[in-house]
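A.B. asks: A single structure is presented below for examination.
The values are calculated or read from the model by the stated rules, or taken from the named source; none is laboratory data. This one's a predicted model, so the numbers in the text were calculated from it and none came from an experiment. Here the Cβ positions follow ideal geometry from the backbone for every residue, glycine too, while neighbour counts run over all protein chains shown. Surface accessibility is based on the protein's heavy atoms, side chains included, excluding ligands, DNA and RNA. Shrake-Rupley method; radii C 1.70, N 1.55, O 1.52, S 1.80 Å.
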Amino acid sequence: QVQLVESGGGLVQPGGSLRLSCAASTSLFSRYTVGWHRQAPGKQRELVAAMFTGGIAHYADSVKGRFTISRDNAKKTVYLQMNSLKPEDTAVYYCNVALAARSYWGQGTQVTVSS
């Protein structure tokens, strides 16, 4: 079982920035695909960004050019740098790590973009 602890959410004004962090408990972290998903009220959970073990990143069209996913394998941590935030980015953000058939989720962190 892999434990994921997220941090960094909060309230920010439109145009502002936040950085989310997700620390994993597994020593095999470097082998995992990592990602961030979000779920807004009344909507389905959606993929925001993912990074594969080789460092290739994938982004949802809605966040391209504004969000950056990164990972520090030594610290077993994945980050999501969010810039130029918009009200429509408001959601609970979840960290996910996956390896083969195993997938683990964090508890979620609230991001609210509002003036």
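A.B. asks: Rg over Rh of region 14-110, using C-alpha atoms and the Kirkwood radius, what does it come to?
C.D. replies: 0.95
A.B. asks: About its Cα centre, what dipole magnitude does region 36-89 give when the only charges are +1 on Lys and Arg Cβ and -1 on Asp and Glu Cβ, stated in debye to the nearest 20?
C.D. replies: 140
A.B. asks: Sticking with this structure for a sec: How much length is gained on full extension from R19 to S115, taking 0.36 nm per residue of separation minus their Cα-Cα distance?
C.D. replies: Value of the extension gain: 32.7 nm.
A.B. asks: Can I ask one more? Starting from the 7 Å offset along Cα-to-Cβ, what nm value, one decimal, do you get for the label separation of R66 and V5?
C.D. replies: Computed distance between label sites R66 and V5 equals 3.0 nm.
A.B. asks: Mean separation of Cα pairs under 8 Å and 6+ residues apart, divided by the residue count of the chain: what relative contact order is that in percent?
C.D. replies: This gives 37 percent for the chain.
A.B. asks: Taking the Cβ of R31 as the centre, find all other residues whose Cβ is under 12 Å away and add up their charges (Lys, Arg: +1; Asp, Glu: -1).
C.D. replies: +3
A.B. asks: Taking only the Cα atoms of region 1-41, how large is their convex hull per residue, in Å³?
C.D. replies: 109
A.B. asks: Let me ask another. Computed FRET efficiency, Cβ-Cβ of W105 and S84, R0 22 Å: what is it to the nearest 0.05?
C.D. replies: Taking R0 as 22 Å, the efficiency between W105 and S84 is 0.25.
A.B. asks: With just the Cα atoms defining each centre, how far is region 1-64 from region 86-115? Give it in Å.
C.D. replies: 6
A.B. asks: Please identify every one of the chymotrypsin sites (Phe, Trp or Tyr not before Pro) in region 44-115 that sits in a loop by DSSP and has no more than 15 other beta carbons within 10 Å of its own beta carbon.
C.D. replies: F52
A.B. asks: So, with +1 on the Cβ of K and R and -1 on the Cβ of D and E, and no other charges, what is the size of the charge dipole of region 65-108 about its Cα centre, to the nearest 20 debye?
C.D. replies: Computed about the Cα centre, the dipole is about 180 debye.
A.B. asks: Expressed as a whole percentage, what fraction of the accessible surface of the chain belongs to carbon and sulfur atoms when a 1.4 Å probe is rolled over the protein heavy atoms?
C.D. replies: 49
A.B. asks: Which one, Q1, V34, T112, is farthest towards the positive end of the dipole of the chain when Lys and Arg carry +1 and Asp and Glu -1 on their Cβ?
C.D. replies: Q1
A.B. asks: Any idea which of V78, V48, A91 is furthest toward the positive side of the dipole for the chain, if Lys and Arg beta-carbons carry +1 and Asp and Glu beta-carbons -1?
C.D. replies: After comparing all options, I get V78.
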